[in-house]
Structures are given as C-alpha cells and as structure tokens.
Amino acid sequence: MTLGHIHSMESMGLVDGPGIRTVIFFQGCALRCKFCHNPDTWDFSCGELTKPEELVKKICRFKPYFKNGGGVTFSGGEPLMQPDFLFEVLKLCKAEGIHTCIDTAGYGMGNYDEILSYTDLVLLDIKHINPTNYQEITGQSIDRFNQFLKALNKHQTPIWIRHVVIPGITDHPIHIKQLKDYINNISNVQKVELLPYHLLGVNKYKTMKLSYPLSNIPAMDKDKTAKLQQKFFGGYDYV
Ligand code: SF4
C-alpha cells in the first residue's frame, strides 16, 4: 500500500486549471526556489499520511462542481516527488471520470510515462530556461526538469506554462523574448502566464525561523508584468 504525505486540500480552486477544481497540495519538494511562498511544504516527512482510496473518496465529494470542465489538480510542494502515490491517485480519479491536472515545477522522479498516461493537463512552472540561472534560483540542476519536458513532449500532454517575473532577475524583455523562443519549441502549449513576484510568503519564513533569500527585492509591478504578457504572448491563450 502506497501512502501519500498530503499538506492540505482546497475544495473550490479557481486558478489552478480549468473550471472549479479541488486542489490537493502534496508535501515535499527538493527545490529551494528563492521566491518560494510555501516553505512549509518542503519537508517530506510532514503532512497527513493518506491512502490513495481515501484521498479519491474525498475528491469525489466535489464531483458535482466539476461539471463545467473542472476537476482535480495535484499541486504542492512537488507532486512528482511522490510518484507512486500520485500514479495510484490519478488512476483512481480517471476511473471516476474526473479531469486530472498536475501543477508542477517538473522536478520529480519515478515513471513519468505512467503518470502522464493518466494526466489530462500539466501546469508547468518554468523557473528559468538557462541552466546556470536555474541552479541559482532553485539550488538544483536543470537536468531533471529537462527529463520531464522530454516526457511531456513524448506524451503530447496539454501544457499551461507559468513563469514568475522577478524584478532584476527575470523581468528583462530580452529574457522574456528568450523564454518565448524556448516555449515555441515545446509541443502542446495552450497557455502562457507570467506571474508577478509577490511577498505573500515572507511571513512564513519568519515563523519558520528561516532567512528569506530575496529580502532586498520588491514585489513585481503588476502592470509591468501585464505589459510583458501582452507584448510577448498577446494574452494567455497560446494556441
Ligand atoms: S518548486 Fe514550488 S514548492 Fe518547491 S521550492 Fe519551488 S516554489 Fe517552493
């Protein structure tokens, strides 16, 4: 029996995929993004231990809300770091006819072929496109992300891309243009969304007695982000 470590659950999510979604936040992440606003999800040993059937039973309670294209989104933390549990849960959700989505930074492990066979949509968070900057921002090598990208291309999984725009780090138009070129080489991208860097997670660092790596960087201007979005991606839809 594969048990999962679950951080929390949101019953009526509206921003993590199409329609109304139940969002399941997995515990555990191997990245240490400098702008992470969920450091409380990092530790793999925390969270509520759950059986796949138990979790899917909870998700099924919200099925009436999934009618207009909604479903379930597995987020985190990093759902791909609990691949066996994720696979079991995805399979059970598909057997229930539920639309499945993974919200991921693509830094996982396990059998991506199995996982993607039961995944309808991937919300892919691109931390950076340049290996050196990726390592600088996340603390890890970009290799595992590239492996996941390869699996996505193989499966032709529909993808919605997200990228956090950070003042002085990822907000330069040259960088956004390079991001666009990079995205043009990924199959099946349906949406691209630039997200302005915000400071909402900073208090969690204080509570957890961790130092905040970007303490000298202000929140990203929302209008500037919207302008970059419009200039390079012409809105969100990218088909
Ligand atoms: S991938 Fe997500 S949860 Fe993990 S460190 Fe980065 S922002 Fe935080």
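The values are calculated or read from the model by the stated rules, or taken from the named source; none is laboratory data. The model shown is predicted, which means the values in this text are computed figures rather than measured ones. Glycine gets a Cβ as well: all are built from the backbone with ideal geometry, and neighbour counts include every protein chain shown. Areas reflect the complete protein model, heavy atoms only, side chains present, ligands, DNA and RNA absent. Shrake-Rupley method; radii C 1.70, N 1.55, O 1.52, S 1.80 Å.
Does residue 118 qualify as being among the aromatic types (Phe, Trp, Tyr), in contact with a helix residue (DSSP H, G or I) (Cβ under 8 Å, 6 or more places away or on another chain), buried (at least 23 other Cβ atoms within 10 Å of the Cβ) and at pLDDT 95 or above? No: the conditions fail for residue 118. Of the residues making up the range 70-79, one or more are buried (at least 23 other Cβ atoms within 10 Å of the Cβ), aromatic (Phe, Trp, Tyr) and either in contact (Cβ under 8 Å) with a residue 24 or more places away in the chain or within 16 Å of the ligand (Cβ to nearest atom) (or both). Looking only at the range 141-158, residues that are out of contact with any helix residue (DSSP H, G or I) (no Cβ under 8 Å at 6 or more places or on another chain) and either within 14 Å of the ligand (Cβ to nearest atom) or of a type outside the set (Lys, Arg) (or both) come to 7 in all.
Whether any residue in the range 106-113 is open to solvent by less than 70 Å² (accessible area, probe 1.4 Å), over 15 Å from the mean Cα position of the chain (by Cα) and within 13 Å of the ligand (Cβ to nearest atom) is what I want to check. The answer is no; no qualifying residue exists. Number of residues in the range 185-239 that are in contact with a Phe, Trp or Tyr (Cβ under 8 Å, 6 or more places away or on another chain) and among the hydrophobic types (A, V, I, L, M, F, W, C): the value is 8. When the range 127-168 is filtered for residues that are assigned to a helix (DSSP H, G or I) and polar (S, T, N, Q), the ones remaining, listed by number, are 132, 133, 135, 138, 146, 147, 153.
Checked against (1) within 22 Å of residue 220 (Cα to Cα); (2) touching a Lys or Arg at 6+ places or on another chain (Cβ under 6 Å); (3) not in a strand (DSSP E or B), residue 171 passes all but condition (2). Checked against (1) touching a strand residue (DSSP E or B) at 6+ places or on another chain (Cβ under 9 Å); (2) within 19 Å of residue 119 (Cβ to Cβ); (3) not β-branched (Val, Ile, Thr), residue 27 passes all but a single condition, namely (2). Checking 52, 64, 83, 18 one by one, the residue that is open to solvent by 20 Å² or more (accessible area, probe 1.4 Å) and over 25 Å from residue 195 (Cβ atoms) is 64 and no other.
Yes or no, residue by residue, for (1) more than 16 Å from the ligand (Cβ to nearest atom); (2) out of contact with any His (no Cβ under 9 Å at 6 or more places or on another chain):
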{"residue": "36", "(1), (2)": "no, yes"}
{"residue": "45", "(1), (2)": "no, no"}
{"residue": "52", "(1), (2)": "yes, yes"}
{"residue": "88", "(1), (2)": "yes, yes"}
